[in-house]
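The next block holds one structure in the form of structure tokens; read it before the comments.
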Amino acid sequence: MARAAIVTGGVTGIGAATCRALSKAGYRVAATYFKNQGDAEIFSKEAELPTYEWNVADFDACQGGVTEIAKAIGPIEILVNNAGITRDATLQKMTHEQWRSVIDVDLGGCFNMCRAVIEGMRERRFGRIVNVSSINALAGQFGQTNYAAAKAGIIGFTKALALESASRGITVNAIAPGYTDTAMVAAMPPDVLTKIVATVPIGRLARPEEIARGVTFLVSDEAGFVTGETLSINGGKYMQ
Ligand code: CAA
């Protein structure tokens, strides 16, 4: 039977491209979303994939949601923690709420979702987890102490869980996308974005499908010897 995959934040951007790529590769895929019902309906219709709504920052909701999806598509063997938010502000202007919400969703969501799938993966002696980090975890970014901290936290989390999971046939990796053509990036001030794109050696934003390609590799059976790794897909920007 085809392996079952959950992609969080799976109805737009990198998440939606990942769902489509995994579905095309033959996996059974479920996408999660939170609040963006309209996007979920369009995605579900176009991609012909099921969607489920809950907040990944809510521990109990993750436990319940994973159980519900497993009933529908089978035990979860692949988890892509893609859900994330930004609340950009320089530190002197950042509110505690802006800090807390990004840490809780972007980093807390990884814990909550991994915690919900890890026991089953350990019992079945197979699992593939990919956590979506960011170039800004590696390089830092003006106005993103919250996001850079959460996304850098994901890299440490990934390495620690990879160590704990290696003997059970479970790999845990991170992807660090560069600036990608998504709604999150489109929401940036246009002048700031133009300046950033000018510093990308390849000279453009990534396409979501280019990030999804990396995820598809990391979750494949053939990637079983890759774990604890962070795969940068950033058009060469981090070299600068
Ligand atoms: N580097 C250095 N200086 C910068 C800067 C930068 N990147 N951006 C702004 N500044 C300077 C400005 O020139 C300005 O200088 P002066 O005071 O001397 O005029 C000062 O900092 C204040 O700038 P703003 O007027 O822009 O300040 P603000 O408080 O209105 O906004 C901000 C600050 C919210 C951080 C805004 O600049 C912003 O949104 N920046 C974009 C942050 C960003 O890159 N976000 C990425 C989102 S996409 C994503 O995160 C996905 C991913 O994984 C890649």
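Any read-out appearing in this document is the output of simple, stated calculations on the displayed coordinates, not a laboratory observation. What you see is a predicted model; the values in this text were computed from it and never measured. Ideal geometry is used to build each Cβ from the backbone, glycine not excepted, and the neighbour counts take in all protein chains shown.
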### Task
Sort the stretch 28-74 into rounded, prolate or oblate with this rule: let a ≥ b ≥ c be the square roots of the eigenvalues of the Cα gyration tensor; rounded if a/c is under 1.5, and if a/c is not under 1.5, prolate when a/b is larger than b/c, oblate otherwise.
oblate
### Query
Taking the Cα atoms only, what angle lies between the long axis of helix 145-165 and the longest principal axis of the chain, rounded to 10 degrees?
30 degrees
### Query
At what distance in nm do the modelled label points of Asp39 and Ala89 sit from each other, each positioned 7 Å from its Cα along Cα→Cβ?
2.2 nm
### Message
Amide H of Gly9 versus every other amide H placed in the peptide plane: which residues, excluding those fewer than 5 positions away on the same chain, fall under 5 Å?
### Response
Thr32, Tyr33, Ala83
#### Entry: Alpha carbon centroid spacing (whole Å) that separates the stretch 26-65 from the stretch 186-214
26 Å
#### Entry: Per residue, the convex hull volume that the Cα atoms of the stretch 1-57 enclose (Å³)
70 Å³
### Task
Report ³J(HN,Hα) in whole Hz for each residue of the stretch 134-139, in order, from the Karplus equation J = 6.51 cos²θ - 1.76 cosθ + 1.60 where θ = phi - 60°; Gly and Pro get x.
6, 4, 6, 6, 8, 9
### Task
Calculate one ³J(HN,Hα) per residue across the stretch 168-185 by plugging θ = phi - 60° into the Karplus curve 6.51 cos²θ - 1.76 cosθ + 1.60, and present them in order as whole Hz with x for glycine and proline.
10, x, 10, 9, 9, 10, 10, 10, 10, x, x, 5, 10, 6, 9, 5, 4, 6
### Query
How long is the gain from Thr230 to Arg122 if the chain were fully straight, where each residue apart is worth 0.36 nm and the alpha carbon distance is subtracted?
36.7 nm
### Message
Taking θ = phi - 60°, what integer Hz values does the Karplus form 6.51 cos²θ - 1.76 cosθ + 1.60 yield along the stretch 91-108, in sequence order, with x for Gly and Pro?
### Response
4, 5, 10, 6, 7, 4, 4, 5, 5, 4, 5, 5, 5, 5, 7, 6, 9, x
### Query
Based on the Kirkwood radius over alpha-carbon pairs, what is the Stokes-Einstein translational diffusion coefficient of the chain at 37 °C with 0.692 mPa s viscosity, in µm²/s?
185 µm²/s
### Message
Along the Cα→Cβ direction, 7 angstrom out, place labels at Met184 and Lys71. What is the inter-label distance in nm?
### Response
3.1 nm
### Message
Once each part is reduced to its C-alpha centroid, what is the distance from the stretch 1-17 to the stretch 97-124 in angstrom?
### Response
16 Å
### Message
Rounded, prolate or oblate for the stretch 49-120? Axes are the square roots of the Cα gyration tensor eigenvalues, ordered a ≥ b ≥ c, and the cut-off for rounded is a/c under 1.5.
### Response
prolate
### Query
Using alpha-carbon pairs under 8 Å, 6+ residues apart, how would you state the relative contact order of the chain in percent?
20 percent
### Summary
Whole-number value, in Å³ per residue, for the convex hull of the alpha carbons of the stretch 1-138 is 115 Å³
## Note on the structure
With Cα coordinates, the longest principal axis of the chain makes an angle with the long axis of helix 37-47, in degrees rounded to 10, of 60 degrees
### Query
What FRET efficiency, computed as 1/(1 + (r/R0)^6) with R0 = 35 Å and r the Cβ-Cβ distance, is obtained for Asp221 and Ala198, rounded to the nearest 0.05?
0.30
### Summary
Highest mean packing first, using Cβ neighbours within 10 angstrom, the peptides 4-11, 91-98 sort as 4-11, 91-98
